[in-house]
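The next block holds one structure in the form of structure tokens; read it before the comments.
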Amino acid sequence: MSTGLYSDASEVVREALRQMSERDSAIEWLRKEAAEGFDELDRGEAVELDREGFMNHFRSRRQAA
């Protein structure tokens, strides 16, 4: 509050809860994606990607979610 970003403690708490909710959603999405990826590997559907290809694929999947 001393920085002026928040006018009172309740705003700080609301922002913290919002950020925790976003983080939890992102973690749940990542777990789902990882499980799906491991299932694809088990079925022999793996596709080799370089780092850039992986990041592009990852970003497009995240945006679609």
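Label points 7 Å out from Cα along the Cβ direction at residue 12 and residue 40: separation in nm?
4.4 nm
Give the label of the value calculated from the structure for percent of Cα pairs over 20 Å apart, choosing from [x] 45; [y] 50; [z] 30.
Only one option fits the structure, namely [y].
For the chain, find the longest principal axis of its Cα atoms and tell me its angle to the long axis of helix 51-64, 0 to 90°, nearest 10.
60 degrees
Could you work out the helix-only [θ] at 222 nm for the chain, with each DSSP H run of four or more residues adding -39,500 (n - 2.57) and the total divided by the number of residues, to the nearest 500 deg cm²/dmol?
Working: 2 runs with 48 residues, N = 65.
Dividing the helical sum by the residues of the chain leaves -26000 deg cm²/dmol.
Of 34, 6, 17, which is farthest along the charge dipole of the chain in the positive direction, counting Lys and Arg as +1 and Asp and Glu as -1 at C-beta?
Farthest towards the positive end: 6.
Using only Cα atoms, tell me the angle between helix 9-42 and the longest principal axis of the chain; keep it within 0 to 90° and round to the nearest 10.
10 degrees
All of the numbers you see were taken from the coordinates with simple rules; none came from a lab. Everything numeric in this text was worked out from a predicted model, so none of it was measured. Every residue, glycine among them, receives a Cβ derived from its backbone with ideal geometry; neighbour counts consider all protein chains shown.
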